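Let me begin by presenting the structure, written as structure tokens, before commenting on it.
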Amino acid sequence: MKYLYYILSLSLLVACSGEDFLDEAEQSINSDQESIENNTALDNLIRGAYFNMKTPGDLGTMDLLIYQTVTTDIAELKEYANIVSGARNMLPIYLRQPEINDIRFVEFPWAGAYTMLYNVNTVLQFYEQNEPPADGLESWVPRIRGEAYFLRAFAHYLLATTYAPPYSSDPQASSIILLTEPPAAPTDYQGLATNQEVYDQIISDLKNAIELLPEEYDPSLHPEDYQDRAKRDAARFLLAKTYFLMGNEFWNAGQDGDGGALEQINTIIDSERYPLVQSDSLQQVFLPKGLNQIASETVWYATYYFRNAWRAPRLERMYSDFTGRRDRGIAMSKATLEQIGWNDSTVAQQDERYNDWFRRYEAGEDPAFSAEEDEASYNVWCAKFTDRTANFVVFRSPELYLMRATMRLAGGDAAGAAEDLNVTRTRAGLAPLATATEAEVSAEWIKEMGFEGRRLFYLQATQQQVPPGDRVGAQMIPYSDPSLVRDLPRVELVRNPAIAGE
């Protein structure tokens, strides 16, 4: 099918420069827009959007979750690792140098996200302008449209949380290119929207997705691979995260009279569909792979088990590769270990998450690095992502409890906050709390969600200052500090006259 070829060919364009990649993508879309003949072709476009969420090339859109960790205090980048030079240089990310915008981590995720948007916008525009093809698969149309809305919101969300200042710091600040329809021509350049415009669109798209997406997979209605794709609760989850990030005025009341973040959180939790894993090995949360293979607490995941992308997210390589390669280079900072009490291994080992999701090497024990390379007496590494072909967990239910605990504490309900924290604490083998403090809430976010791309999200949602971590000479900075916002990719600034001077 012509569009399936187009989907695959976009990923092959990663060998080109970022500028050539986007130009070629635009031309392919415009030349093929009239080739859609059936609903299967439209579903293939959606499949292509999932694919491009994880590509192009060396780094993809999903890898922006790495940014949410590496730029914060919980990460310590080891300068003896391979990821501080060459094409995969992470040092400017760690050092909060947004002006260095010609590295792959900045360029490739941007290109991948807009390729996703080209796909889903083509689908949505087709259904807006045409009757669904009469091919016997008309029942697919609501689900296909729902996935398109969800993926459009997710792409814009990842872009806005990396390349734009926090919404709460300035709703009218320049944000990202808001793409809601396929470009009319290769020279149909778009300028930057405001934060308000971007977040309004994300919320609108997610509400449409919630209305259109099915609650569960139905083999009599859906293609087999839909088991691995977004359902209604994924859209609810992302809407909760969006409102939570926008600031506490959106926690209990969102747009158009809805109940804000709390309404979506309660809806998912009260469904009891995502109980936390209770196992002798919590590593099982991150190990399932294969069609519809997930842990009970997983709400949405991305698949890598059979040619679903050219490579897994770089979280595995940069955080959790214990094979002896020298790409693993991002450990938990000593400042954070001290903050949460995990600098004392005896205390840390009382928490099953430390035992199952992290690995401590004393000086000289690390198989990848010698003691002479690192003056530290020990390092603690994340071990969540040891299987690069496992289904990659994007949303899991513990985060819902942590968001609600944060909101309850901010509202003066320390006992209610403790009740939510106890869901994750008791699973980890820790004693329950009667009341919770802000320090305990913050620590629980780190222990439960550490290295999953939630640290900057939490600090920005609660508008707290960002600590320096182990960065020498660095100071505490505001959550809205410009050093935390990546400059747009150099290739985009060069090629796009509509954002000249931004």
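The values are calculated or read from the model by the stated rules, or taken from the named source; none is laboratory data. Since this is a predicted model, take the numbers as computed values, not measurements. In this analysis, Cβ positions are derived from the backbone assuming ideal geometry, glycine residues included, and neighbour counts consider all displayed protein chains. The protein model used for the area step is the full one, side chains on, heavy atoms only, and it has no ligands, DNA or RNA in it. Shrake-Rupley method; radii C 1.70, N 1.55, O 1.52, S 1.80 Å.
So, in the range 358-381, how many residues would count as being touching a residue at least 12 places away in the same chain (Cβ under 8 Å), in a loop (DSSP other than H, G, I, E, B) and within 21 Å of GLU338 (Cβ to Cβ)?
If we filter the range 358-381 for residues that are touching a residue at least 12 places away in the same chain (Cβ under 8 Å), which is where we start, we get 358-363, 366-369, 373-374, 376-381.
Then keep just the ones that are in a loop (DSSP other than H, G, I, E, B); that gives 363, 366-369, 374, 376-377.
Restricting the remaining residues to those that are within 21 Å of GLU338 (Cβ to Cβ) gives 363, 366, 374, 376-377.
The number of residues fulfilling the criteria is 5.
Going by the structure shown, is SER175 without any contact (Cβ under 8 Å) to a residue 24 or more places away in the chain and open to solvent by less than 10 Å² (accessible area, probe 1.4 Å)?
In short, yes.
How about the range 41-71: which of its residues are assigned to a loop (DSSP other than H, G, I, E, B), within 21 Å of PHE395 (Cα to Cα) and charged (D, E, K, R)?
Residue satisfying the conditions is LYS54 alone.
Any idea which of THR386, THR426, THR462 is modelled with pLDDT under 95, open to solvent by 10 Å² or more (accessible area, probe 1.4 Å) and at negative phi? Break it down into steps so the answer makes sense when it comes.
On the way: THR426 fails: modelled with pLDDT under 95; THR462 fails: modelled with pLDDT under 95.
One residue alone meets the criteria, THR386.
Which number in (1) in a loop (DSSP other than H, G, I, E, B); (2) more than 30 Å from GLN255 (Cβ to Cβ) marks the one condition that GLU107 misses?
Failing condition for GLU107: (1).
Say whether the condition of being assigned to a loop (DSSP other than H, G, I, E, B) and either over 26 Å from ARG427 (Cβ atoms) or open to solvent by 40 Å² or more (accessible area, probe 1.4 Å) (or both) is met by at least one residue in the range 330-340.
No, that holds for no residue.
Would you be able to tell me the number of residues in the range 461-487 that are more than 19 Å from LEU95 (Cβ to Cβ) and either touching a helix residue (DSSP H, G or I) at 6+ places or on another chain (Cβ under 7 Å) or of a type in the set (D, E, K, R) (or both)?
3
Residues to consider are TYR226, TYR304; find the one that is within 24 Å of LEU158 (Cα to Cα), hydroxyl-bearing (Ser, Thr, Tyr) and open to solvent by less than 10 Å² (accessible area, probe 1.4 Å).
Matching residue, one of TYR226, TYR304: TYR226.
For residues that are open to solvent by less than 10 Å² (accessible area, probe 1.4 Å) and either aromatic (Phe, Trp, Tyr) or not in a helix (DSSP H, G or I) (or both), tally how many sit in the range 240-284.
So the count comes out to 3.
How many of the residues making up the range 72-93 are buried (at least 23 other Cβ atoms within 10 Å of the Cβ) and either part of a helix (DSSP H, G or I) or among the β-branched types (Val, Ile, Thr) (or both)?
Qualifying residue count, the range 72-93: 4.
Name the pairs: first residue in the range 475-502 and of a type in the set (Gly, Ala, Ser), second residue part of a helix (DSSP H, G or I), Cβ to Cβ under 7 Å, at least 6 apart or on different chains?
Going by the 7 Å Cβ cut-off, the qualifying pairs are SER480/SER169.
From the set of residues in the range 429-453 that are touching an Asp or Glu at 6+ places or on another chain (Cβ under 7 Å) and in a loop (DSSP other than H, G, I, E, B), which is most open to solvent (accessible area, probe 1.4 Å)?
GLY429
From the list THR162, THR180, pick out the single residue that is open to solvent by less than 30 Å² (accessible area, probe 1.4 Å) and either modelled with pLDDT under 95 or not acidic (Asp, Glu) (or both).
THR162
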